[in-house]
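Structure, as structure tokens:
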């Protein structure tokens, strides 16, 4: 897992090159953190509690 922001995570790319935040269009994490993060970085997300 790659931490994009506190409480927001994404799967690392298969080639191992981490890139920038904009390279991750799907992420998961804490609902409050996801809401805040998605305002600047739209994408698909899943959150928990």
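The values are calculated or read from the model by the stated rules, or taken from the named source; none is laboratory data. All figures in this text were calculated on a predicted structure; none of them were measured in a lab. Backbone-built Cβ (ideal geometry, glycine too); neighbour counts: all protein chains shown.
Cβ-Cβ distances below 6 Å connect the following pairs, each with a first residue in the range 13-33 that is over 12 Å from residue 2 (Cα atoms), a second residue that is assigned to a strand (DSSP E or B) and at pLDDT 95 or above, and a separation of six or more residues or different chains: 33/8. Checked against the criteria, residue 33 does not count as surrounded by fewer than 11 Cβ atoms within 10 Å (Cβ to Cβ), at negative phi and touching a strand residue (DSSP E or B) at 6+ places or on another chain (Cβ under 7 Å).
Restricting attention to the range 1-20, the residues being within 18 Å of residue 36 (Cβ to Cβ) and touching a strand residue (DSSP E or B) at 6+ places or on another chain (Cβ under 7 Å) number 7.
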